[in-house]
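Each reported figure results from applying straightforward, stated rules to the coordinates on display, with no laboratory input. For clarity, every value in this text was computed on a predicted model and none was experimentally measured. Neighbour counts are summed over all protein chains in view; Cβ atoms, including those assigned to glycine, are modelled from backbone coordinates with ideal geometry.
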Amino acid sequence: MSSRSAALIAGCIVFLVTAPAFAVQPDEVLKDPRLEARARQISTGLRCLVCQNQSIDDSDAPLARDLRLLVRERLQVGDSDDQVIDFVVSRYGEFVLLKPRLRSHTWLLWFATPVLFLLAMLLIFLSYRRRSRVPRTKAEAPLTRAEEAKLNKLLDRG
């Protein structure tokens, strides 16, 4: 591999690793570093409704940009972090949260996986236990003459 192609591959890797850092545009950044830090903290917990598996802080989608600007606008007005999150949730629903709140209607979401895992482990345990109870003989009983004749007939050995 030539040094030129190695440099190109390294450049591509660096670009792919740092791509999410380019999502927040310089014109979005607040002048107050404390407010900007709060905005970033809130943005990492909000889902991009276009990308769905990225936070709005990592997404380049126009809707994610609008949400980032909305978060910063609400912070500049003086809202607390919880008020900003509640405002966004009231507009877009709880789906916008990357980590949904623990509520009665999200119990299935929170507890289904651990419960199914525990049930699977229980079934595996019971299955293993049942197999270990079945006595195993070291030598199988030989075929009877009738069985041997029937086997030979099936195999056309006369």
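Proximity of backbone amide H atoms, modeled 1.01 Å from N, is registered between Leu97 and Arg47 at under 5 Å, excluding neighbours fewer than 5 places apart on the same chain. Once the C-beta distance of Ser80 and Thr113 is scaled by a Förster radius of 30 Å, the resulting FRET efficiency is 0.40 to the nearest 0.05. Each of the peptides 88-96, 68-76 was scored by the mean count of other Cβ atoms within 10 Å over its residues; in descending order, highest first, they stand as 68-76, 88-96. Take each peptide in 46-53, 115-122, count the other Cβ atoms within 10 Å of every residue, and average; sorted highest first, the result is 46-53, 115-122. For Lys99, a cut-off of 13 angstrom between C-alpha atoms picks up no aspartates and glutamates at all, skipping any fewer than 8 places away in its own chain. For the range 102-115, backbone phi angles converted through the Karplus equation (6.51, -1.76, 1.60; θ = phi - 60°) give residue-by-residue couplings of 7, 9, 4, 7, 10, 4, 4, 4, 6, 10, 4, 5, x, 5 Hz, Gly and Pro being listed as x.
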